[in-house]
Protein chains: 2
Amino acid sequence: MAEGSKRHVRKIPEATVNRLPIYLRSLLEAAGDGLPTISSERLAELSGFNAAKVRKDLSYLGSYGTRGVGYDVEYLVFQMSRELGLTKEWHVVIAGLGNLGHALANYGGFTERGFPVAALVDADPKVVGTEINGLEVRHIDELEAIAGSHQIAIGIIATPAAAAQEVADRMIAAGVSSILNFAPTIVTVPPEVSLRKVDLAVELQILSFYQQRRGAEAGAALPPEATVAPPAG
Amino acid sequence: MAEGSKRHVRKIPEATVNRLPIYLRSLLEAAGDGLPTISSERLAELSGFNAAKVRKDLSYLGSYGTRGVGYDVEYLVFQMSRELGLTKEWHVVIAGLGNLGHALANYGGFTERGFPVAALVDADPKVVGTEINGLEVRHIDELEAIAGSHQIAIGIIATPAAAAQEVADRMIAAGVSSILNFAPTIVTVPPEVSLRKVDLAVELQILSFYQQRRGAEAGAALPPEATVAPPAG
DNA sequence: CTTTGTGAACGGATTCACAGCT
DNA sequence: AGCTGTGAATCCGTTCACAAAG
């Protein structure tokens, strides 16, 4: 590293990192209600975890609480936003403007939360050139040029599964180092790139597992030919 | 339970359950390529895990492999589909037909994978009565009647955060016992109901954490007034 | 007396490494 | 010889329980 700007880079466990955004949301809610401080107990209720976990998680950020009192809401919001990198905006590119990509492009919540959608790309000539939410859809071949000039940090893949890996590779070549993949397929990235995935079919199948375990009666039988027969052996 | 159809109800760890849909997808891919058998090594590559984990996971389903050979692809697909409850269809209701709900309702992939969208509900009188993908949007007050007559097992919440808990409560009252929540808020459900959540802003914030850690340079600075100041103390 | 911060105990998930079967 | 299946070891995350601080 070039200079020792941080004395101690705290190592925050992955499981904790995954909960920080939920804490932040709860804290913003508490701040909106005008609460000056909040206890781990109360924060746990708001975020759906338990108090011990909250305290342990917050302790990784530093000793920001006051014993006998709780945590200063505004201060904790500040520290957590800083830790999450939310003090700057991260520009986003969405690749693939089918059903889902279109909905994501129209969703105002991203910009509002510090993730402005700076570019849209697609491979389909019928989609390229159309305008969505005030932004023109560009051809995916322009990705590298666009990413460079727009300082794009995060890529969202909303393409069909077959295109996902190539799109990811192109994004990475264009300097994108965080990817959120909605395509129902495995995408592999080098270790210096972060990847998260959201797969709706997977979520439904997980629910299906427990639903079935419960022996729940709702649901219609599939026609027999829709199921796969075991092999002869 | 009515009869002892399963001698031993195997306890499959949650972490394993979460991976089963990925294995299934990889197996279907292998089956499509005409492979009769697959090794744990190869399945691991296709699903993005490692061979030891694959073997341990599959061992919870039963000893379906053949030493020296691998796993019979078709047979494993069959067993896994059964375990996941995918031999019947699970009817789905989508609540909230804004941007995201609309996109989900138009998405054909659900029906295709055994989760037909059987009903759409919303509270907004401007949306109620419109038709999406051949399905009329009904008023949420009709939820109980609809869920009963359509044998609906799974509810998808795509409403604004403020409405999510009430919608979940109504779904549960109507007999829905699996819920997928897209609203950016905590929803609590009784223990006999399964809940999974997908939160886009949370995913982006997690990516932001690692992006920032990396000291990545992409991204524009927010105006100073958009950040929160620490308290005077 | 209240609530944090944290070592220590616990439990679950992952990985290792090899015995067992084909 | 090749690959699965699984105890044993290890790693990581959660919970407990209490000393420290206000």
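See the values below:
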| quantity | calculated |
| --- | --- |
| Estimated FRET transfer efficiency (A:Y60, A:T188; beta-carbon r; R0 30 Å; 0.05) | 0.55 |
| Inter-centroid distance (Cα atoms) of region B:123-167 relative to region A:96-159, Å | 30 |
| Cβ-vector label at 7 Å, B:P13, separations to other copies in nm | 1.5 |
| Of A:L200, A:P13, A:A51, farthest towards positive along the dipole that unit charges on Lys, Arg, Asp, Glu beta carbons give chain A | A:A51 |
| Taking chain B and dividing mean pair separation by its residue count, relative contact order in percent (alpha carbons under 8 Å, at least six apart) | 12 |
| Shielding score for B:86-95, defined as the mean number of other chain Cβ atoms within 10 Å | 5 |
| Calculated FRET value between B:T37 and A:R67, using beta carbons and R₀ = 60 Å, to 0.05 | 0.45 |
| Using a 7 Å Cα-to-Cβ projection, B:Q151 label spacings across copies, nm, ascending | 5.7 |
| Shortest-first distances to equivalent copies, position B:E166, nm, label 7 Å out along Cβ | 4.8 |
| Value of relative contact order over region A:124-189, rounded to a whole percent, pairs C-alpha under 8 Å and six or more apart | 31 |
| Two-site label geometry, B:A52 and A:A173: point separation in nm, points 7 Å out along Cα→Cβ | 3.6 |
| Reduced Cα scattering model of the protein assembly as shown, Debye log10 I(q)/I(0), q = 0.10 Å⁻¹ | -0.85 |
| Percent of beta bridges antiparallel (DSSP, the protein assembly as shown, rounded to nearest 5) | 25 |
| Electrostatic dipole magnitude of region B:54-129 [Cβ: Lys, Arg +1; Asp, Glu -1; Cα centre; debye, to 20] | 240 |
| Loop-exposed trypsin sites (Lys or Arg not before Pro) per DSSP, neighbour cap 11 Cβ within 10 angstrom, longest uninterrupted part of chain A | A:127-233 |
| Sum of side-chain charges, A:A31 neighbourhood, beta-carbon under 15 Å (Lys, Arg +1; Asp, Glu -1) | -2 |
| DSSP bridge orientation in region B:83-186 - percent antiparallel, rounded to nearest 5 | 10 |
| For the axis carrying chain B to chain A: nearest C-beta residue of B, whole Å | B:A103, 2 |
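Taken together, the values in this text are just the output of simple stated rules run on the coordinates, not laboratory data. Everything numeric in this text was worked out from a predicted model, so none of it was measured. Virtual Cβ from ideal backbone geometry, glycine too; neighbours counted across all protein chains shown.
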